[in-house]
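*Asks:* Mind looking over this structure? Questions follow.
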Amino acid sequence: MTTRVGLFALALALLFGGVAGAQQYPLLDMMADKVVQKYQQSSCEQLWQQKAQPKSAQAQELIQMLRSDPQMRTEFLNRVAAPMANKMFECGMIP
């Protein structure tokens, strides 16, 4: 729950605070770090339980924000894809 609140706060800051520089997303760095940390610290059982739960309104807002900004989405995925994929592979969530 705390992670979701943190992600929501970061999403709001990105929406209303803007981003510094054309290719730099300092708040995205923090958001990506939180996602990576969640995957690294969660057990496989916790990840399976979270996967089955519906997304919160805050998570949906974050997803919508990433869908609307291709550069931000690319940067976010570049930072979180490998750690997430490795953990999901370890947990049998992907082949």
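The values are calculated or read from the model by the stated rules, or taken from the named source; none is laboratory data. All values derive from a computational prediction rather than experimental measurement. Neighbour counts run over all protein chains shown; Cβ positions are idealised from the backbone, glycine included.
*Asks:* Take Ala20 and tell me if it is touching a helix residue (DSSP H, G or I) at 6+ places or on another chain (Cβ under 7 Å) and either modelled with pLDDT of 95 or more or exposed (fewer than 13 other Cβ atoms within 10 Å of the Cβ) (or both).
*Replies:* yes
*Asks:* Could I ask something else about it? Can you name the number of the only condition in (1) in contact with a Leu (Cβ under 7 Å, 6 or more places away or on another chain); (2) buried (at least 16 other Cβ atoms within 10 Å of the Cβ) that Arg79 fails?
*Replies:* (1)
*Asks:* List every residue pair whose Cβ atoms sit under 7 Å apart, with the two residues 6 or more apart in sequence or on different chains, where the first one lies in the stretch 72-95 and is assigned to a helix (DSSP H, G or I) and the second, anywhere, is at pLDDT 95 or above and of a type in the set (Gly, Ala, Ser).
*Replies:* Pairs found: none.
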